Each structure stands twice: as structure tokens, then as C-alpha cells.
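Visitor: Dropping the structure in here first, questions after.
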Amino acid sequence: MERRELFSSLASSFKTKEKQEIILRPPYYKDEEVFLTNCIECDGICGTVCEENIIVIKDDKTPKLDFSLNGCTYCDECAIACPNEVLSIEDKKNINAKIQIDISTCLAWNDTMCFSCKDPCFDEAIDFLGMFRPEINDNCTSCGFCIKVCPTQAIKII
């Protein structure tokens with residue numbers, strides 16, 4: 001293998017990793033594999049009962065969370081409405097995501113007073129060092145309410 005081919009193959013592997021979609025599921029499931037078997041029999045009822053309108057039904061008929069409009073209140077409605085026992089209140093947990101602030105694009109980290117992310121946070125999961133430098137603490141439930149309000153899209157799911 002020539003050096004050019006080696007670098008091309010390495011570069012292509014990085015591109016495919018970037019394109020992988022992060023699929024966040026409602027926080028009421030035990031086994032993610034059940035989505036692929038039991039959700040295909042449903043008409044997306046969980047998406048219709050979601051008060052925040054963040055449950056989107058994908059092409060494969062499975063639900064995913066979309067925080068671009070709002071966040072999850074953990075209201076239990078999707079689990080109550082689920083007819084195929086994919087979502088269950090007994091399996092309630094925090095959303096399986098890690099929320100992170102990109103300090104290079106965050107206004108507060110760049111010396112501009114901004115509390116956009118802190119204000120909608122129900123869990124007091126964002127601490128500020130003085131008036132600047134927000135950090136997400138261990139109280140974060142990954143509800144997503146901070147994501148849509150950030151004026152620079154500095155809050156990301158990783």
C-alpha cells in the first residue's frame with residue numbers, strides 16, 4: 001500500500017465516524033433492541049402524546065428525541081401510552097446522553113454575559129464560575145432544555 005492510499009483510507013474512516021447519527025431514545029426503556037422489533041407494530045403513539053413534541057418517529061418506525069424544539073420533562077406520558085411495552089415507567093432513567101458546552105463558541109466562555117442555558121435548567125445542572133465559564137455538573141439529567149436556547153449552539157450532545 002502506498003502512503004497516499006494509507007492516508008486516504010484513514011481519512012475516509014474519520015468521515016464515516018462524523019456522519020454517525022446520535023439516536024436518543026425516550027428515557028423509559030430497558031433494552032434498545034426491543035425498539036427494532038416492537039415499535040414497528042405501533043403507529044408512533046408515543047410521539048403524539050409527547051407534550052413537548054420532542055419525540056420524532058424515524059423511518060424505521062422507532063422513536064427518537066429531538067431537542068431542537070424543546071426538552072424532556074420526564075412526564076411519563078410516552079411510557080403510559082406505549083401499547084407494546086417498549087417504554088415502561090418502571091424502566092425510567094436519565095436520558096442516555098452526555099451534554100457538553102463547547103467553550104470555543106460559548107458566549108459566556110468568551111467574556112459575554114449570557115445565562116441562556118442556566119435559566120431553563122430545572123435541575124440546577126449548570127454552574128457558573130463568577131459571571132462567566134458555565135460548566136455542567138452531576139445534576140444533569142440530559143433533558144435537553146439548555147440545547148435549544150443557546151444562541152450559538154455551543155451546547156452539544158456527545
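Visitor: Considering only protein heavy atoms, what per residue accessible area in square angstrom results for the chain with a 1.4 angstrom probe?
Guide: Normalised by residue count, the accessible surface of the chain is 64 Å².
Visitor: Right, another one. Based on DSSP H runs of at least 4 residues, each adding -39500 (n - 2.57), what is the mean residue ellipticity at 222 nm of the chain after dividing by all its residues, to the nearest 500 deg cm²/dmol?
Guide: Using -39500 (n - 2.57) per qualifying helix, the result is -6500 deg cm²/dmol.
Visitor: Something else now. Using a Gaussian network model on the chain with a 10 Å cutoff between Cα atoms, which of THR112, THR141, THR73 fluctuates the most?
Guide: Result: THR112 has the largest fluctuation of those listed.
Visitor: Let me ask you something else. Using Cα springs under 10 Å in a Gaussian network model of the chain, which residue among ASN53, ASN139, ASN94 shows the largest mean-square fluctuation?
Guide: ASN139
Visitor: Still on this model: Taking region 23-158, how many lysine pairs are there with alpha carbons less than 14 Å apart, if each pair must be eight or more places apart or span two chains?
Guide: Value for region 23-158: 5.
Visitor: Of ASP31, ASP138, ASP76, which has the most accessible area with a 1.4 Å probe, and how do the rest follow in descending order?
Guide: Correct descending sequence by accessible area is ASP138, ASP31, ASP76.
Visitor: Of ILE40, ILE55, GLN153, which is farthest on the positive side of the dipole of the chain, counting Cα position, with +1 on Lys and Arg Cβ, -1 on Asp and Glu Cβ, and the Cα centre as origin?
Guide: GLN153
Visitor: Measure off, as a whole percent, the carbon and sulfur share of the 1.4 Å-probe accessible area of region 76-158, all protein chains present.
Guide: Numbers: 2420 of 4880 Å².
Answer for region 76-158 is 50 percent, counting heavy atoms of protein chains only.
Visitor: Next up: Who wins for biggest fluctuation among GLU51, GLU90, GLU135 in a Gaussian network model of the chain, springs between alpha carbons below 10 Å?
Guide: Ranking GLU51, GLU90, GLU135 by mean-square fluctuation puts GLU90 first.
Visitor: Report the Rg/Rh value for region 21-93, based on alpha-carbon coordinates and the Kirkwood definition of Rh.
Guide: Value, to two decimals: 0.91.
Visitor: How large is the convex hull of the Cα atoms of the chain per residue, expressed in Å³ as a whole number?
Guide: Details: hull volume 24.1 nm³, N = 158.
In the chain, the Cα convex hull volume per residue is 152 Å³.
Visitor: Calculate the dipole size of the chain relative to its Cα centre from +1 charges on Lys and Arg beta carbons and -1 charges on Asp and Glu beta carbons; express the result in debye to the nearest 20. Let's see the in-between values first.
Guide: Details: 17 positive and 27 negative charges, 144 e Å.
The calculated dipole for the chain is roughly 700 debye.
The values are calculated or read from the model by the stated rules, or taken from the named source; none is laboratory data. Here the structure is a predicted model, which means the values were calculated and not measured. Positions of Cβ are backbone-derived with ideal geometry, glycine not excepted, and every protein chain shown enters the neighbour counts. To get the accessible areas, we keep the full protein, side chains included, count just its heavy atoms, and leave off ligands, DNA and RNA. Shrake-Rupley method; radii C 1.70, N 1.55, O 1.52, S 1.80 Å.
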